[in-house]
Amino acid sequence: MTRERLEQYQSNKAEIKELKYRLTHLGEDDSLIGNDVVHDYRRGYPVPHSIVGYDYSAKEKREKRYRDQIARLEAEQDNIEEWVFAIPDGKIRRIFQLYFLEGMTQERVGRKMHADQSWVSRKIEEFLNPHKNHKNT
């Protein structure tokens, strides 16, 4: 798991909420009203006529696109949550839950854990990059 994927959690959460709103309110505005031109041959030659109406195929395409994107984002959210909940160390797991999943600042996480912000930052870095923190002696 990378820091970038973990930091994407809050953005994904907001995007899922926005997509669900769009899906719920799809077609309430004029965005699915379309027009087309058809030719009337009753006089023996083509006479163009404009037709205005609701575009059901565009609605179905948007619904599918929104549902697919929601499913992809929710799957990514589930992967991140499973990874965080599988962290064996309780303190580290709680830091990751509060900071990455709940979106608290490191300072606020530190206050909840009775520590300072630098301790929280150090614990996150040590867990995500364990090989960088070993000193050669």
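Taking the longest Cα principal axis of the chain as reference, the axis of helix 56-85 is set at about 10 degrees. In a DSSP loop and with at most 14 other Cβ atoms within 10 Å, the trypsin sites (Lys or Arg not before Pro) in segment 25-87 are R42, R43.
Inverting the pair-averaged 1/r between distinct Cα atoms of segment 89-130 gives 9.9 Å as its Kirkwood hydrodynamic radius. Starting from a Cα-only point model with no solvent, please compute log10 I(q)/I(0) by Debye for the chain at q = 0.10, 0.12, 0.16, 0.19 1/Å. Here the Debye-derived log intensity ratios amount to -0.55, -0.66, -0.90, -1.07. Helix 3-24 and the long axis of the chain differ in direction by around 30°, with both axes built from C-alpha atoms. When only Cα pairs below 8 angstrom with a gap of at least 6 residues are kept, the chain shows a relative contact order of 24 percent.
Axis of helix 117-128 versus longest Cα principal axis of the chain: the two differ by about 80°, to the nearest ten degrees. Rounded to the nearest 0.05, the FRET efficiency derived from the C-beta distance between S11 and N79 at R0 = 25 Å is 0.95. With the charge dipole of segment 89-130 set up from +1 on Lys and Arg Cβ and -1 on Asp and Glu Cβ about the Cα centre, the Cα lying farthest toward the positive end among the listed residues Q106, W119, G90 is that of G90.
For the chain, give the magnitude of the charge dipole about the Cα centre (Cβ charges: +1 Lys/Arg, -1 Asp/Glu; no others), in debye to the nearest 20. Write out the running numbers ahead of the final one.
Values: 25 positive and 24 negative charges, 89 e Å.
Taking the Cα centre of the chain as origin, the dipole is about 420 debye.
The count of lysine pairs in segment 1-132 whose Cα atoms are under 21 Å apart, excluding pairs fewer than 8 places apart on the same chain, comes to 12.
Take 80-91, 103-114, 30-41 and order them by the average number of nearby Cβ atoms within 10 Å per residue, most first; the result is 103-114, 80-91, 30-41. Run the numbers on segment 89-130 and let me know its relative contact order in percent, using alpha-carbon pairs under 8 Å that are six or more apart. Relative contact order for segment 89-130 comes out at 35 percent. Full extension of the segment from S118 to S31, taken as 0.36 nm per residue of separation minus the current Cα-Cα distance, would add 26.4 nm.
Read-outs: derived from the displayed coordinates by stated rules, not from any lab. Treat the numbers as computed from the prediction; the structure is a model and nothing was measured. Positions of Cβ are generated from backbone atoms using ideal geometry, with glycine treated the same way; all protein chains shown enter the neighbour counts.
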